[in-house]
1. Show that you can apply the helix-only estimate: for the chain, add -39,500 (n - 2.57) for every DSSP H stretch of four or more residues, divide by all residues, and state [θ] at 222 nm to the nearest 500.
2. Quote the relative contact order of segment 11-124 in percent (integer), defining contacts as alpha-carbon pairs under 8 Å separated by 6+ residues.
3. Take the Cα pairs of segment 2-125, get the Kirkwood Rh, then feed it into Stokes-Einstein at 4 °C and 1.567 mPa s and tell me D in µm²/s.
4. Trypsin sites (Lys or Arg not before Pro) within segment 1-96: which are DSSP loop residues with at most 16 other Cβ atoms inside 10 Å?
5. Any idea how far apart Leu96 and Ala27 come out in nm if each label point goes 7 Å out from Cα toward Cβ?
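Derivation of every value follows stated rules applied to the coordinates shown; laboratory data play no part. Just so we're clear, the structure is a prediction, and the values are computed from it rather than from any experiment. Counting neighbours? That spans all protein chains shown, and the Cβs are built from the backbone with ideal geometry, glycine included.
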Amino acid sequence: MEVILNYIHIVGLCIWLGSMVTWAVFAPKLNKFDPSRNTTSALRDSFSKISWSSYVVSLISGISILLISTDTSANWRLEIGLLVTAGVVIAFHSLLTNVSEAVRGAFNGVMLILALVVVYLATVYI
């Protein structure tokens, strides 16, 4: 069971990170091509659904691994704590729409770094 949860956890994290990186790369370019922002809004909604769904899958599978794991050397608490922290940062980023571009850029950087660290820790512990 733990092997299946590990697989689900890693796949969920990879989809979550991939959707964030894809959006970070393409969103600025979409804003230039779509002045009305209709397409950008539709794509943002799609990426948000994918990203949050994979985040929830990763969080649930990570907590499940933490509860059933017999390996005491793996520090799953740190990985899950960082995953929760990343979720809080992403939620603030999503809710605070009227902040400057510099602040949004800082949030983007923190989100991506946290996501990379979470994926790294998950792969190291598995």
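1. Working: 4 runs with 108 residues, N = 126.
About -30500 deg cm²/dmol.
2. Details: 67 pairs, mean separation 36.1, N = 114.
Here the relative contact order equals 32 percent.
3. Details: Rh = 15.3 Å.
For the chosen part, D equals 85 µm²/s.
4. Numbers: sites: Lys29, Lys32, Arg37, Arg44, Lys49, Arg77; in loops: Arg37.
Here the sparse-neighbourhood loop sites are Arg37.
5. Label at Leu96, label at Ala27, 1.4 nm between them.
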